[in-house]
Structures are given as structure tokens and as C-alpha cells.
Amino acid sequence: MEPFDYRRPGDAATAVRTVAADPSAVFLGGGTNLVDHLKLGVRTPGLVVDVTSLTSAEITDHNGGLRIGAAVRNSDLAADRRVRERYPVLAQALLAGASGQLRNMATTGGNPLQRTRCVYFQDVTTPCNKRSPGSGCSAIGGYTRHHAVLGASPECIATHPSDLAVALTALDAEVQVLGPDGERTLGFGDLHRLPGDRPDRDTVLEHGELITAIDLPEVPIARNSAYRKVRDRASYAFALVSVAAALRVESGIVRDSRIAFGGVAHKPWRASRAEEVLLDAPATEATYREAAEAELAGAVAVDGIDGGNGFKIPLLANTLAATLRDLTREAK
């Protein structure tokens, strides 16, 4: 591990000014991703600024929904009664991620900012445009089982690893940000970006901007929601594909839906085309399959030395249909 300076400011504004003034500085929250990268040499900051105790660790009622402080631990958020009753998709996504020990450390503000688990990104001996812009993408033509089928670019085919972020995308959450120029609010769906020709940038946040809270709006449909994750082993594994969905069915007709995909793109993927197909359509297997087909029409499989990732496209269609079937039964 490369040596670095460490500071623990007394408030969030000082932390933001400190990081903004030093291009080599990074924030430290729960550390479940950053510490790994420090050990691997993926990140070599000159300064680490500890913000663990500088933002709220409380979940409060807010405008009919909930405000989640950035320092709330994943395990605490998953256990909150309001979250389990009003946003079960969120609680299920949290419990599908990592291990109990890691959930006790990971924070609401830090988890969505974790970086890809692409093996080439984490191996500093291989070219990677995300880690070292302009060096190339070793994943293309390499091991692609966990890589993107939606929204990829010739520069990068990595996927975003957070389960929490997929649920927050489906729920239309909002992100509260403090930066050197003050506060601003972002729609959660606008936080992450596709790789394009700058895969080194995962989000639209500027250097020095700090997430202070995430707001969940009042979403009555979310009471009938679920998160389904498909992975290579039953626990402590990242998603091959995942679906966060909420559904409202009245008299056999879909009246509303919220859907997001994980494990298939550089960002949590909002399935807007699928939602359009579902609206005012019969709540049937045929409709659910049609919705999946519409959303995945632009999916592109990537060949690889392990057989590629083409299996993800039918797997995701099946996972979406199964999730919607379960929610339909619960909604009747």
C-alpha cells in the first residue's frame, strides 16, 4: 500500500473544502471498497479524508417518505421497520448484498459509489481504461461473464456492482450533495453515467462533492415490490443479473410499475421501455415477456474466453417475468 496522509475534519463543509483543494484527496466512509483498492494499488491517493462521523446516521420521516443519512449503515437500513413495510425492494436489495459483516460497515452514502468488480480493473498489471484512461480494455476479448450487455462502449464493458443502487433507481430516490459551491439535489437515476469515452468517471459528481443523504419519496406502489438477484453462489457474490420491481395491478390490468436492472450495465439500468409496455396492459405472462423483450431489444452480448455473456439476455428476461409474476400474485 502506498503511504498517504489522513485527516478527520470536524464537519462536512471542512471535509468538502479539504478534498476539493487537493486533486489527490478522496473521502473515506465505510471503507469496504476503498480500503481494498488501497491494498491492491488501484487507488493511490495522497490524502484520505475520513467523513464517517460527519453526516447523519439517522433515518427520519421526510415529506411523506424517508430521509436516509449518508452514514446510515446498510444493516441498519435493511432492519428499519419503515423500510421493510413501505419499501421492501430496498430491504431485500440490501440483504442480497455482501455479507453481514460488510453490511455493518457499508454506508448509504458510500455504497452507491463503489466501483466495478471487473477483474481487470482490480488487476493493476493489465490495461484498463477505467483505472488508467487510454490504456485499453482487457475485458473485451477476455473474461466477460460479469460484464455489460446494455449501454457499454468500445472503451469499457464493466458493470456497476451495487444492489442498493438498483433499488434506489427503481424508487426514484433523490441524492443530497454538498460541494464546494454549496448544496444540490440529484435524481438518483442521474447520479451514475454510462462509460462512453470516459469510463474513468462513474458518476456526475465533481471532485470534492460529498453525498450527505438520500431521500426516498412517498411511493405507495413500493409496498408491493421485490428484489431478485441471480448470482453464481447463494451469498456473498455480485449479481449476474438482478431486478428491482414494484407493481400495481387493478382488475387484471397493470396500472403502474417501477423497474430497474442490475449487473448488466455500467450503471443501474432503469427499464423505462418495459414500464411503457406494461402500462394499462393485461397482467399476464405474455405482457411481462413483451416488456422484457422491449427493454432488451438493444442488448448486445460480448464474446469472451469463458463463453461470453450472451446468457445474460434470456436470464434477465426470465428474472423480470418471474419477479412480476410474484408481485402480481401478491397484488391480487
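The values are calculated or read from the model by the stated rules, or taken from the named source; none is laboratory data. Worth saying up front: this structure is predicted, and the values here are computed from it rather than measured. Here the Cβ positions follow ideal geometry from the backbone for every residue, glycine too, while neighbour counts run over all protein chains shown. Calculation scope for accessible area: heavy atoms of the full protein, side chains included, ligands and nucleic acids excluded. Shrake-Rupley method; radii C 1.70, N 1.55, O 1.52, S 1.80 Å.
Averaging over every viewing direction, what projected area does the convex hull of the Cα atoms of region 1-59 cover, in nm²?
Value for region 1-59: 4.2 nm².
For GLY179, the amide hydrogen comes within under 5 Å of the amide hydrogens of ARG184, LEU210, counting only partners 5 or more places away or on other chains and with H modelled in the peptide plane. Once backbone amide H atoms are built at 1.01 Å from N, LEU205 has no partners under 5 Å, excluding neighbours fewer than 5 places away on the same chain. Here the dipole of the chain is about 760 debye; that uses its Cα centre as origin and unit charges on the Cβ of Lys and Arg (positive) and Asp and Glu (negative). Comparing LEU102, LEU150, LEU40 in a Gaussian network model of the chain (Cα springs below 10 Å), the most mobile by mean-square fluctuation is LEU40. Simple point charges give the picture: +1 on the Cβ of Lys and Arg, -1 on the Cβ of Asp and Glu, and for region 36-119 a dipole about the Cα centre of about 240 debye.
Return the Rg/Rh value of region 4-141, two decimal places, where both radii are evaluated on C-alpha atoms and Rh is the Kirkwood radius.
1.03
For SER138, the residues whose modelled amide H falls within less than 5 Å of its own, excluding neighbours fewer than 5 places apart on the same chain, are ASN129.
Taking the Kirkwood radius as Rh and the Cα radius of gyration as Rg, region 192-275 has a ratio of Rg/Rh equal to 1.04. Beta-bridge orientation, the chain: approximately 85 percent antiparallel, per DSSP, counting only bridges with both partners inside. Within region 106-125, whose backbone N sits under 17 Å from a point 7 Å along Cα→Cβ of THR44? Only 121-125 pass the distance filter.
Its residue count N fixes a reference of 2.2 N^0.38 Å for region 147-255, and the Cα radius of gyration divided by that reference is 1.26. Taking ASN318, ASN63, ASN74 as the candidate residues, the one with maximal mean-square fluctuation in a Gaussian network model of the chain, Cα springs under 10 Å, is ASN63. Converting phi to 3J(HN,Hα) with the Karplus coefficients 6.51, -1.76 and 1.60 and the offset θ = phi - 60°, region 311-316 yields 4, 5, 5, x, 4, 5 Hz in sequence order, with x at every glycine or proline. Sorted into 20 angstrom bins from 0, the C-alpha pair distances of the chain split as 32, 58, 10, 0 percent.
A straight line joining the Cα centroids of region 179-198 and region 255-299 runs 24 Å. The helix-only estimate of mean residue ellipticity at 222 nm for the chain, built from DSSP H runs of length n ≥ 4 each weighted as -39500 (n - 2.57), is -7500 deg cm²/dmol after division by the residue total. For the residue pairs LYS229/LYS312; LYS130/LYS267; LYS130/LYS229; LYS229/LYS267, the alpha carbons lie more than 18 Å apart in LYS130/LYS229.
Of the trypsin sites (Lys or Arg not before Pro) found in region 202-243, the ones in coil according to DSSP and having at most 10 other Cβ atoms within 10 Å of their Cβ are ARG233. The residues neighbouring GLY179, those whose beta-carbon lies less than 9 Å from its own, together hold a net charge of -3 under the Lys/Arg +1, Asp/Glu -1 convention. What FRET efficiency do you get for ALA301 and ASP190 if R0 is 30 Å and r is their Cβ-Cβ distance, rounded to the nearest 0.05? Efficiency, from the Cβ-Cβ distance: 0.60. Please compute the net charge surrounding ALA20, taking Lys and Arg as +1 and Asp and Glu as -1 over other residues with Cβ under 10 Å from its Cβ. Value of the local net charge: -3.
Evaluated on region 74-212, the Kirkwood hydrodynamic radius is 16.3 Å, with distances taken between all distinct Cα atoms. The slack between SER251 and HIS207, meaning 0.36 nm per residue of separation minus the straight C-alpha distance, is 10.9 nm. Our coupling estimate for region 52-67, obtained by passing each phi through the Karplus curve with A = 6.51, B = -1.76, C = 1.60 and θ = phi - 60°, is 3, 9, 9, 10, 5, 10, 10, 10, 10, 5, 8, 6, x, x, 9, 10 Hz, Gly and Pro reported as x.
So, counting K/R as plus one and D/E as minus one, what does the shell of residues with Cβ under 9 Å around ARG255 add up to? Counting the neighbours of ARG255, the net charge comes to -2.
Of the three principal axes defined by the Cα atoms of region 68-107, the extents in descending order read 24, 21, 11 Å. Per-residue SASA remark: GLU58, around 120 Å² accessible (1.4 Å probe; ligands, DNA and RNA not included). Estimated at 0.36 nm per residue, the fully extended path between ASP22 and GLN101 surpasses their Cα-Cα distance by 25.2 nm. Computed FRET efficiency, Cβ-Cβ of ALA237 and ALA13, R0 25 Å: what is it to the nearest 0.05? E(calc), rounded to 0.05, equals 0.05. If R0 is 22 Å, the Cβ-Cβ spacing of TYR6 and ALA57 corresponds to a FRET efficiency of close to 0.55.
Can you pull a Stokes-Einstein diffusion coefficient for region 226-332 at 37 °C (0.692 mPa s), Rh from Kirkwood over Cα pairs, as a whole number of µm²/s?
Reported coefficient: 232 µm²/s.
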